[in-house]
Amino acid sequence: MDTLGVMTEILKAHGSKNDIFIARLTPADFPSEADLREFVRALCDRSGPLGGDGIYFYDAAPAIPRAWFFNPDGSSAEFCGNGMRCLGRVILEQRGAGEAVIASGQTRYTVTRAPATPEGVQQICLEHPRVEFQEVGAPVADLDPGVSFTALTVPNPHLITLVDKYVEADLVAMGEILARRRGPNLSFLLPVAPDDIFVRTFERGAGLTPSCGSGMVAARAAYSRLGRAPQDLPVTIHNAGGVATVSLRDWHPVLQGNATYVYRAEIDPAAPLPPAVAAEGFGEEARAYSLFDIQNVRWLTEHDIDTHP
């Protein structure tokens, strides 16, 4: 179906402030791959009228909706954990359902409604496929001889290292090296308590974002792999943009966190973005999340974790 040349609704949502666009379009709607990637880059450009950390295109017509995720640099990824929660909320609301299965990349994900927080923040639960642990390969062998890594796919490839103090400059330096080598995403995991940790991820195609859903899931799996927590223990994962909870069922991660709507706007995907785009915001959801996020900001401060060096 050719939807280009007509106004299309773009919804912006976020999971732990990892802001993702959601559009009922498919890659086949664009004349070429170059046109698709140019659209993604323009939409996500922070210096433009909108800006974001990526976009999920989706086709809701099949019994199992199909989704495609693209990073802000126009590159594609298997999926986005925070974005999938937001897309999951959209699909569940469209169908009036409590559970749905969505295909992204080569994998199917189950999304279910979860209880709202006391502040009124809407939450979604996302069930992942079984994680696959791997040998630490050549792209990271010489990153730092004194650092141990856990490699795994969720199914996005990730590399996790435990740290006793979070230093953002170190994460960025290593992450940029990996990105140049087309290596995996890199996360620093700082344990604070058995059920309370901090995770920060340098993502391929995006760099540092307020949070990374697949990075949180990968870090949680590595945490149990290293014997730091039993699989069934719900662990609160703090990041720069908020918090989520992850547990494991036979190495199948279950991620619960917010799926907050930011605004909706209409654009013509076939035309250059105008200097300004009119948008309809979700004020009540923004206020609820602001109240919810106060606790995480306080936690980061109390544990001397600086994500804005």
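The values are calculated or read from the model by the stated rules, or taken from the named source; none is laboratory data. Nothing here was measured: the structure is a model prediction, and the numbers come from that model. Note: ideal-geometry Cβ built from the backbone for every residue, glycine included; neighbour counts use all protein chains shown. Ligands, DNA and RNA are excluded from the accessible area calculation, which covers all protein heavy atoms including side chains. Shrake-Rupley method; radii C 1.70, N 1.55, O 1.52, S 1.80 Å.
Please go through the stretch 81-101 and give me each residue that is touching a helix residue (DSSP H, G or I) at 6+ places or on another chain (Cβ under 6 Å), surrounded by 23 or more Cβ atoms within 10 Å (Cβ to Cβ) and under 21 Å from R264 (Cβ atoms), ordered by number. Outline the logic, then answer.
Keep residues of the stretch 81-101 that are touching a helix residue (DSSP H, G or I) at 6+ places or on another chain (Cβ under 6 Å), which gives 81-82, 100.
Then drop every residue that is not surrounded by 23 or more Cβ atoms within 10 Å (Cβ to Cβ), which leaves 81-82.
Once the filter is applied, which keeps residues that are touching a helix residue (DSSP H, G or I) at 6+ places or on another chain (Cβ under 6 Å), surrounded by 23 or more Cβ atoms within 10 Å (Cβ to Cβ) and under 21 Å from R264 (Cβ atoms), the stretch 81-101 yields only N82.
(1) under 19 Å from E132 (Cα atoms); (2) part of a loop (DSSP other than H, G, I, E, B); (3) at pLDDT 95 or above: which one isn't true of S211, the others all being true?
Of (1) under 19 Å from E132 (Cα atoms); (2) part of a loop (DSSP other than H, G, I, E, B); (3) at pLDDT 95 or above, only one is false for S211: (1).
Return yes when V131 is in contact with a Ser or Thr (Cβ under 9 Å, 6 or more places away or on another chain) and at negative phi and no when it is not.
On the way: in contact with a Ser or Thr (Cβ under 9 Å, 6 or more places away or on another chain): yes; at negative phi: yes.
Yes: the conditions hold for V131.
Kindly indicate the residue of the stretch 163-199 that is charged (D, E, K, R) and in contact (Cβ under 8 Å) with a residue 24 or more places away in the chain and also most open to solvent (accessible area, probe 1.4 Å) among those meeting that condition. If you could, list the steps in order and put the result at the bottom.
So the first thing to find is which residues in the stretch 163-199 are charged (D, E, K, R), and the list is 164-165, 168, 170, 176, 180-182, 195-196.
Checking the rest, the ones that are also in contact (Cβ under 8 Å) with a residue 24 or more places away in the chain come to 164-165, 168, 176, 181-182, 195-196.
Details: D164: 147, K165: 112, E168: 20, E176: 84, R181: 100, R182: 205, D195: 73, D196: 31 Å².
Step by step, filter the stretch 163-199, then rank; the result is R182.
Rundown of residues vs (1) closer than 25 Å to R228 by Cβ; (2) touching a Leu at 6+ places or on another chain (Cβ under 6 Å); (3) of a type in the set (A, V, I, L, M, F, W, C); (4) modelled with pLDDT under 95, yes/no style:
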residue: F79; (1), (2), (3), (4): no, no, yes, yes
residue: M84; (1), (2), (3), (4): no, yes, yes, no
residue: A103; (1), (2), (3), (4): no, no, yes, no
residue: A116; (1), (2), (3), (4): no, no, yes, no
residue: A138; (1), (2), (3), (4): no, no, yes, yes
residue: V154; (1), (2), (3), (4): yes, no, yes, yes
residue: R181; (1), (2), (3), (4): no, no, no, yes
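Restricting to the stretch 60-111, name every residue that is assigned to a helix (DSSP H, G or I) and in contact with a strand residue (DSSP E or B) (Cβ under 8 Å, 6 or more places away or on another chain).
We begin by selecting, within the stretch 60-111, every residue assigned to a helix (DSSP H, G or I); these are 81-95.
Passing the criteria: G81, N82, G83, M84, R85, C86, L87, G88, R89, V90, I91, L92.
One line per residue, one yes/no per condition, for (1) assigned to a strand (DSSP E or B); (2) at pLDDT 95 or above; (3) more than 24 Å from A286 (Cβ to Cβ):
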site	(1), (2), (3)
I177	no, no, yes
L189	yes, yes, yes
F198	yes, yes, yes
V217	no, yes, yes
A221	no, yes, yes
L233	no, yes, yes
V254	yes, yes, yes
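Hey, any hits in the stretch 152-162 for a residue that's surrounded by fewer than 20 Cβ atoms within 10 Å (Cβ to Cβ), hydroxyl-bearing (S, T, Y) and in contact with a strand residue (DSSP E or B) (Cβ under 6 Å, 6 or more places away or on another chain)?
Yes, there is a match, as at least one residue in the stretch 152-162 is surrounded by fewer than 20 Cβ atoms within 10 Å (Cβ to Cβ), hydroxyl-bearing (S, T, Y) and in contact with a strand residue (DSSP E or B) (Cβ under 6 Å, 6 or more places away or on another chain).
Show the residue pairs meeting these rules: Cβ distance below 8 Å; 6+ apart or different chains; first residue within the stretch 89-106 and farther than 18 Å from F70 by Cα and touching a residue at least 40 places away in the same chain (Cβ under 8 Å); second residue of a type outside the set (V, I, T) and part of a loop (DSSP other than H, G, I, E, B).
Final answer for the pair search is R89/Q122; R89/A259.
From the list A229, A265, exactly one residue is closer than 26 Å to H128 by Cβ, of a type in the set (A, V, I, L, M, F, W, C), at pLDDT 95 or above and surrounded by 16 or more Cβ atoms within 10 Å (Cβ to Cβ). Which is it? Lay out the reasoning, then the answer.
Numbers: A265 fails: closer than 26 Å to H128 by Cβ.
One residue alone meets the criteria, A229.
Can you name the residue in the stretch 279-309 that is closer than 28 Å to V167 by Cβ and among the charged types (D, E, K, R) and is also least open to solvent (accessible area, probe 1.4 Å) among such residues?
Out of the qualifying residues, it is D293.
Looking at the structure I just gave you, is V246 at pLDDT 95 or above, in contact with a strand residue (DSSP E or B) (Cβ under 6 Å, 6 or more places away or on another chain), aliphatic (A, V, I, L, M) and in a helix (DSSP H, G or I)? Break it down into steps so the answer makes sense when it comes.
On the way: at pLDDT 95 or above: yes; in contact with a strand residue (DSSP E or B) (Cβ under 6 Å, 6 or more places away or on another chain): yes; aliphatic (A, V, I, L, M): yes; in a helix (DSSP H, G or I): no.
Considered against the rule, which asks whether it is at pLDDT 95 or above, in contact with a strand residue (DSSP E or B) (Cβ under 6 Å, 6 or more places away or on another chain), aliphatic (A, V, I, L, M) and in a helix (DSSP H, G or I), V246 comes out as no.
Give the stretch 40-59 a look and list any residue that's aliphatic (A, V, I, L, M) and either crowded, with 23+ Cβ neighbours inside 10 Å or not in a loop (DSSP other than H, G, I, E, B) (or both), or say none.
At the first step, the residues of the stretch 40-59 found to be aliphatic (A, V, I, L, M) are 40, 42-43, 50, 55.
Scanning the stretch 40-59 gives V40, A42, L43, I55.
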